[in-house]
Amino acid sequence: MNSKAGVSTYSGTDYIDRGNASLSSWSSNPGELVSHDYQPVIQFWKIGNITSGSVTGQLASFVAFTMQYLGGEQAPEIPVNAGAGSITQVACAVKTSNILFELGDVLVSEFGSAVGTTPANAQKTQNLILDCDAGANINVMLTGPQNPDVSDNTVLALTGQGSAGVARGVGVQLVYNNTPLTLGNNLVLKRTTGGQEMFPLTARYYQTNTTVTTGIANASATLSLTYQ
């Protein structure tokens, strides 16, 4: 039994009079058979990290009614059982756990005088490689410090920004499918059919001021993958 999936049950339908007895009073026709249809619904709830496993056996039970005309005698419990079912956790294994983008040395003259300049030779593409179960919905989120020079929340701050020896007027963006990733925003990549998936990511310098000064220009961030 999967220990990280909880179960609850509730009535999916109201009682239905099948027409073979009057329901005006439970005691109006003592001894007469009254029949009802009742459809329980089973809901599964995530209560922790799920691992694959079977779902079998009795999940719950119902007490249909109390027979008042017999002095409050309770009807037998009705068990709710699960057949041969299972819960499968789909996910991906990350094959490139640490992605390094070597942007190299870039001349100050490659930048312009406008905020938002992204020099063509100050970009590097690497592949995020995953090995996925079929049916996994791949989502990615970028987290890291936002560059304080601009309000654009797609621009990362440089490591040690503002310190001696660190470049000024520059930030870093991470781009997928020609669109910069927004910090803290969940992006749906795809629903995979299984096997290896490859997502090209591009890191690039982004001008954050009208002037750029020389110095070290490194940045770091985290990509979080979920499979909702």
Those residues of the range 124-145 which are hydrophobic (A, V, I, L, M, F, W, C) and more than 22 Å from residue 104 (Cβ to Cβ) amount to 129, 130, 132, 134, 136, 138, 140, 141, 142
Which of the numbered conditions does residue 96 fail, given that it passes all the others? Conditions: (1) touching a strand residue (DSSP E or B) at 6+ places or on another chain (Cβ under 7 Å); (2) more than 19 Å from residue 181 (Cβ to Cβ); (3) free of Cβ contacts under 8 Å to residues at least 40 places away in the same chain; (4) of a type outside the set (A, V, I, L, M). (2)
Per-region count, the range 214-228, residues under 12 Å from residue 171 (Cα atoms) and not in a loop (DSSP other than H, G, I, E, B): 1
Among 173, 196, the single one that is in contact with an Asp or Glu (Cβ under 7 Å, 6 or more places away or on another chain), modelled with pLDDT of 95 or more, outside any loop (DSSP other than H, G, I, E, B) and assigned by TED's automatic domain parsing to the domain that holds residue 96 is 196
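Looking at the range 213-228 only, could you name the residues that are closer than 17 Å to residue 123 by Cα and of a type in the set (A, V, I, L, M, F, W, C)?
Quick first cut of the range 213-228, residues closer than 17 Å to residue 123 by Cα only: 216-221.
Listed by number, the residues that qualify are 216, 217, 219, 221.
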For the range 164-190, name all the residues that are over 19 Å from residue 118 (Cβ atoms) and either of a type in the set (Ser, Thr, Tyr) or surrounded by fewer than 13 Cβ atoms within 10 Å (Cβ to Cβ) (or both). 164, 165, 184, 185, 186, 188, 190
Hey, does the range 35-51 have a residue that's part of a strand (DSSP E or B), under 34 Å from the mean Cα position of the chain (by Cα) and either at pLDDT below 70 or closer than 25 Å to residue 222 by Cα (or both)? yes
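Residue by residue through the range 134-143, note down the ones that are of a type in the set (Gly, Ala, Ser) and buried (at least 18 other Cβ atoms within 10 Å of the Cβ).
Taking the range 134-143 and keeping what is of a type in the set (Gly, Ala, Ser), we get 134-136.
If the condition is that a residue be of a type in the set (Gly, Ala, Ser) and buried (at least 18 other Cβ atoms within 10 Å of the Cβ), then 136 is the only one that fits.
Inspect all residues belonging to the range 150-157 and state whether any of them is buried (at least 18 other Cβ atoms within 10 Å of the Cβ), among the small types (Gly, Ala, Ser) and farther than 29 Å from residue 214 by Cβ.
Initial filter on the range 150-157 (buried (at least 18 other Cβ atoms within 10 Å of the Cβ)): 154-157.
From what is left, the residues that are among the small types (Gly, Ala, Ser) are 157.
In the following step, the residues that additionally are farther than 29 Å from residue 214 by Cβ were identified as none.
Checked the range 150-157: no residue is buried (at least 18 other Cβ atoms within 10 Å of the Cβ), among the small types (Gly, Ala, Ser) and farther than 29 Å from residue 214 by Cβ.
Output the residue which, of all residues in the range 199-213 that are assigned to a strand (DSSP E or B) and surrounded by 12 or more Cβ atoms within 10 Å (Cβ to Cβ), is nearest to the chain's Cα centre (by Cα). It would help to see each step written out before you state the result.
Pass one, the range 199-213, residues assigned to a strand (DSSP E or B): 199-207, 213.
Adding the requirement that they be surrounded by 12 or more Cβ atoms within 10 Å (Cβ to Cβ) leaves 199, 201-207.
Working: 199: 18, 201: 20, 202: 23, 203: 24, 204: 27, 205: 29, 206: 29, 207: 32 Å.
So, considering only residues that are assigned to a strand (DSSP E or B) and surrounded by 12 or more Cβ atoms within 10 Å (Cβ to Cβ), the one nearest to the chain's Cα centre (by Cα) is 199.
The values are calculated or read from the model by the stated rules, or taken from the named source; none is laboratory data. Just so it is clear, the model here is predicted, and its values are computed rather than measured. Methodologically, a virtual Cβ is constructed for each residue, glycine included, from the backbone with ideal geometry; neighbour enumeration extends over all protein chains shown.
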